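For reference, the structure is listed below as structure tokens.
The values are calculated or read from the model by the stated rules, or taken from the named source; none is laboratory data. Computed from a predicted model, the values in this text were never measured in an experiment. Cβ placement follows ideal geometry from the backbone for every residue including glycine, while neighbour counts extend to all protein chains displayed. Just so you know, the surface numbers come from the protein's heavy atoms only, side chains and all, with ligands and any DNA or RNA stripped out. Shrake-Rupley method; radii C 1.70, N 1.55, O 1.52, S 1.80 Å.
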Amino acid sequence: MSEGSFQKEILIAPSLLAGDFSRLGEEVTRISSSGADLIHLDVMDGDFVPNLTFGPGVIESIRPFSSIPLEAHLMVWHPDTYLDELKEAGVDRVIVHQESDVHLNRLLRRIRQMGFSAGVALNPSTPAFLLEDVLDLVDLVLVMTVNPGFGGQSYLGEMREKISRVKQMRETRPNLSFRIEVDGGISPVTASEVVLAGADVLVAGTAVFRNPPYEEAIARLRLAAGVGMSS
Ligand code: DX5
Ligand code: ZN
């Protein structure tokens, strides 16, 4: 999965959670031709987070509807048990939560060995320093800007500092080149702030799927992100 050159280019990752579940294939095709860089897929198990969505089977069935990268954001306990099926489903990046597995080193190594791009996510209450010893094993750090589980929640402004801290951690070690993603409450209003803090991948569900036409919604996010870049 091509990561592009971080900090120079902001990627927009629409979250299918806000799409129309009765016609997911169509949604995936439409969003892919509307300027999305990749598609964000929220896998929830109804236990790690208080909501249940879809798993590898559904992802496999939508894969043929798009050729852009798919990332699976795993909000599940025992994320390792899903990896084989996610590979078969055609997922490009797997993002696991720091809180979901005590053997994060082993898990991230396995994700990379399987040929996935590896991402690690932090709940709002989890401090950035807990990632210090795995940063060389990841291609992306996801700073959750809401408590995970549902779309349509309000952006938590206090996460701005955490985004900056993750960026600082990347800057202090020259061998690191992971991207910084944000997820939750990202809109044209909040996009410039998170980009200014250091985010370079923006996940957006409501702001895209609930504000059609998709092409214009994505363009609005890009424009707002550009303001953050040039500030
Ligand atoms: C929340 C999910 C998000 C969600 C974001 O737990 O991880 O990806 O879809 O939705 P919005 O953009 O509506 O906040
Ligand atoms: Zn997500």
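One table, with the values for the structure above:
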{"quantity": "Entirely in the stretch 136-231, the helices (runs of 4 or more DSSP H) that have 3 or more residues that are within 15 Å of ligand 1 (Cβ to nearest atom), touching a residue at least 24 places away in the same chain (Cβ under 8 Å) and under 18 Å from the mean Cα position of the chain (by Cα)", "calculated": "191-197, 206-209, 214-230"}
{"quantity": "Output for the stretch 51-75, where each listed residue is open to solvent by 50 Å² or more (accessible area, probe 1.4 Å) and either part of a strand (DSSP E or B) or acidic (Asp, Glu) (or both)", "calculated": "Leu52, Glu60"}
{"quantity": "Selection from the stretch 76-99 of residues that are open to solvent by 10 Å² or more (accessible area, probe 1.4 Å) and assigned to a helix (DSSP H, G or I)", "calculated": "Asp80, Thr81, Tyr82, Asp84, Glu85, Lys87, Glu88, Gln98, Glu99"}
{"quantity": "Residues within the stretch 34-47 that are touching a residue at least 60 places away in the same chain (Cβ under 8 Å) and either over 17 Å from Ala207 (Cα atoms) or of a type in the set (Val, Ile, Thr) (or both), tallied", "calculated": "1"}
{"quantity": "Residues located in the stretch 192-223, provided they are within 16 Å of ligand 2 (Cβ to nearest atom) and of a type outside the set (D, E, K, R)", "calculated": "Val194, Ala199, Val201, Leu202, Val203, Ala204, Gly205, Thr206, Ala207, Val208, Phe209, Leu221"}
{"quantity": "Any chance Asp139 is acidic (Asp, Glu), within 21 Å of Pro79 (Cβ to Cβ) and buried (at least 17 other Cβ atoms within 10 Å of the Cβ)", "calculated": "yes"}
{"quantity": "Only listed residue being open to solvent by 40 Å² or more (accessible area, probe 1.4 Å) and closer than 30 Å to Lys87 by Cβ, chosen from Leu130, Leu196", "calculated": "Leu130"}
{"quantity": "Selection status of Leu38, crowded, with 17+ Cβ neighbours inside 10 Å, under 14 Å from the mean Cα position of the chain (by Cα) and over 25 Å from Gln168 (Cα atoms)", "calculated": "yes"}
{"quantity": "Total residues in the stretch 1-42, condition at pLDDT 95 or above and either assigned to a helix (DSSP H, G or I) or among the small types (Gly, Ala, Ser) (or both)", "calculated": "22"}
{"quantity": "Cβ pairs under 6 Å, 6+ apart, first in the stretch 11-24 and more than 10 Å from ligand 2 (Cβ to nearest atom), second of a type outside the set (A, V, I, L, M, F, W, C)", "calculated": "Leu11/Asp37; Ile12/Asp37; Ala18/Gly151; Ala18/Gly205; Ala18/Thr206; Ala18/Arg210; Gly19/Glu27; Asp20/Glu27"}
